[in-house]
Amino acid sequence: MTNDSSVNGCCEHSERKVNFGPGPAQLPLEVLKNVQAEFLSYNGSGSNVMELSHRSSAFAKIIQEAEQDIRELLSVPESYAVLFLQGGATAQFSAVPLNFLNLKSSQTADYLVTGYWSEKAAKEAEKFGKINWVVPKSDKYRDVPSESTWKLTENSSYFYYCSNETIHGIELEDIPSIVPKDTPIICDMSSNFLTRSFDITKFAMVFASAQKNFGASGLVLVIVRKDLVEKSTNKSIPVTFDYKVQIANASMYNTPPTFSVYIANKMFNWTKRQGGLKSMNQLSDKKSKVVYETIDQSNGFYMNVIENKYRSRVNIPLRIMKDGTANEKLESLFLSEAIKANMIELKGHRAVGGIRISLYNGVSLQETTKLVDFMRIFQKNNS
């Protein structure tokens, strides 16, 4: 028989580490404590949210509040559907072309490929029809080619891009201006979603996986124009990828990722209490500024190769240099010493190596300053 006191005190003496991981990412301690308090019995139900029926009134209230909060945060009009779906952002790499590739007579979609994830999306979309790569494929993603060099399709079904490349550290602050007004714009906002405000009406659809800035993995949020979905003519869409079906069933054609929706609800509410997207934007700017200043003032010890205009505020890849080349031995030492200092998940993605600092909304300015202080001491000791 389980001893309740041992359960309640199991982690009492465990020190939480600062998680700079790219996702699943760190959540605010305030949110985690609130979840902990409700873990065994949500709202007096005697059950965890994971154990409640998705058809119950208790869960209906959770998902309705989550939709209400995200509509308020982003000023989403009723002409857009808000969907809480499974499969993460990667599932949308298939769902988007399945629903929209045949929207116009060209039956072609334009994809702006600026890094690892938009490249994956374009390659997946090619399974379902004709995809035009707006700019040539690159071996090294360091900036975004000038719009004057882009090659767009006449009467394109849609234009697709990723607003922040999590691995390469490229962020597009502005919507591409070269896209014709009658071309639907679809954007993967997974890693910088809720870090700044944007005008949802400029987009036909945006989507974002939850495990960066607003929750637990397994959930993807889709915000899509209802009229665009109604125009879809593909009759062979797998049912879980069919936006018409998902809208008609209010995200519950099958059992949704209930616990992930519950966490998202908590995070949306937390974001509102922090001052909304204006405050999140200011925080994101401050955190990234102190990290980039540390890199730029390191006399080449730390190196970030992304053109300044496109430097991501939320994912900062860097290398540690010695004699003009990246030094993996020093990078390994950096990672091991960071762990000793209770800072984790700083290793760069296997595609690019080095170090990566992810500064999602759950990471505070104080925690970022701790990392910056560590970076300066490490440089002093290892130059």
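Taking the conditions (1) over 30 Å from Tyr42 (Cβ atoms); (2) crowded, with 20+ Cβ neighbours inside 10 Å in turn, Glu67 satisfies each one other than (1). Only one entry in Val290, Val245, Val261 is more than 16 Å from Ile70 (Cβ to Cβ), of a type in the set (A, V, I, L, M) and touching a residue at least 40 places away in the same chain (Cβ under 8 Å), namely Val290. Can you find a residue that is closer than 20 Å to Phe20 by Cα and touching a residue at least 60 places away in the same chain (Cβ under 8 Å) anywhere in segment 325-333? No, there is no match, as no residue in segment 325-333 is closer than 20 Å to Phe20 by Cα and touching a residue at least 60 places away in the same chain (Cβ under 8 Å). Look at segment 73-88: where a residue is within 13 Å of Tyr243 (Cβ to Cβ) and a partner is of a type in the set (D, E, K, R) and assigned to a strand (DSSP E or B), sitting 6+ places away or on another chain with Cβ atoms under 7 Å, you get Tyr80/Arg225. Residues being under 11 Å from the mean Cα position of the chain (by Cα) and buried (at least 21 other Cβ atoms within 10 Å of the Cβ) are represented in segment 182-189 by at least one member.
Do we have any residue at all in segment 295-307 that's touching a Leu at 6+ places or on another chain (Cβ under 8 Å), among the charged types (D, E, K, R) and assigned to a helix (DSSP H, G or I)? So far as segment 295-307 goes, no, none of its residues is touching a Leu at 6+ places or on another chain (Cβ under 8 Å), among the charged types (D, E, K, R) and assigned to a helix (DSSP H, G or I).
Scanning segment 94-128 for residues that are open to solvent by 10 Å² or more (accessible area, probe 1.4 Å) and under 10 Å from Ser157 (Cβ atoms) yields Asn102, Leu103, Lys104, Ser105, Ser106, Gln107.
Just checking, does segment 56-70 include any residue being under 30 Å from His168 (Cα atoms) and touching a strand residue (DSSP E or B) at 6+ places or on another chain (Cβ under 7 Å)? Before the answer, list the steps.
Filtering segment 56-70 for residues under 30 Å from His168 (Cα atoms) gives 70.
Narrowing the set further to residues that are touching a strand residue (DSSP E or B) at 6+ places or on another chain (Cβ under 7 Å) leaves 70.
Yes.
Scanning segment 163-175 for residues that are within 30 Å of Ser105 (Cβ to Cβ) and buried (at least 24 other Cβ atoms within 10 Å of the Cβ) yields a single hit, Ser163.
Ile320 passes every criterion in (1) open to solvent by 30 Å² or more (accessible area, probe 1.4 Å); (2) assigned to a strand (DSSP E or B) apart from (1). For Ile178, the criteria (1) part of a loop (DSSP other than H, G, I, E, B); (2) open to solvent by 40 Å² or more (accessible area, probe 1.4 Å); (3) in contact (Cβ under 8 Å) with a residue 60 or more places away in the chain; (4) among the β-branched types (Val, Ile, Thr) hold in every case but one, which is (3).
Only one residue in Tyr111, Tyr116 is free of Cβ contacts under 8 Å to residues at least 60 places away in the same chain, closer than 23 Å to Ile167 by Cβ and not polar (S, T, N, Q). Which one?
On the way: Tyr116 fails: free of Cβ contacts under 8 Å to residues at least 60 places away in the same chain.
None of the other options fit; the residue is Tyr111.
The conditions of being at pLDDT 95 or above, open to solvent by 20 Å² or more (accessible area, probe 1.4 Å), polar (S, T, N, Q) and under 22 Å from Gln211 (Cα atoms) are not met by Asn308. The residue pairs whose first member lies in segment 337-354 and is farther than 19 Å from Thr166 by Cα and open to solvent by less than 90 Å² (accessible area, probe 1.4 Å), whose second member is outside any strand (DSSP E or B) and not aliphatic (A, V, I, L, M), and whose beta carbons are closer than 6 Å, counting only pairs six or more residues apart or on different chains, are Ala341/Phe374; Asn342/Lys17.
Among the candidates Ser236, Ser190, Ser232, which residue alone is within 30 Å of Leu32 (Cβ to Cβ), small (Gly, Ala, Ser) and not assigned by the TED database to the domain that holds Met303? Give the steps one after another, and end with the answer.
On the way: Ser236 fails: within 30 Å of Leu32 (Cβ to Cβ); Ser232 fails: within 30 Å of Leu32 (Cβ to Cβ).
Only one candidate qualifies: Ser190.
Take the conditions (1) among the charged types (D, E, K, R); (2) within 23 Å of Lys140 (Cβ to Cβ); (3) open to solvent by 30 Å² or more (accessible area, probe 1.4 Å); (4) part of a helix (DSSP H, G or I); Glu331 misses just one of them, which is (3). Of the residues making up segment 72-99, just one is over 15 Å from the mean Cα position of the chain (by Cα) and among the aromatic types (Phe, Trp, Tyr), namely Tyr80.
The values are calculated or read from the model by the stated rules, or taken from the named source; none is laboratory data. Keep in mind it's a predicted model, so treat the numbers as computed, not measured. Note: ideal-geometry Cβ built from the backbone for every residue, glycine included; neighbour counts use all protein chains shown. Note: areas computed on protein heavy atoms with side chains; ligands, DNA, RNA excluded. Shrake-Rupley method; radii C 1.70, N 1.55, O 1.52, S 1.80 Å.
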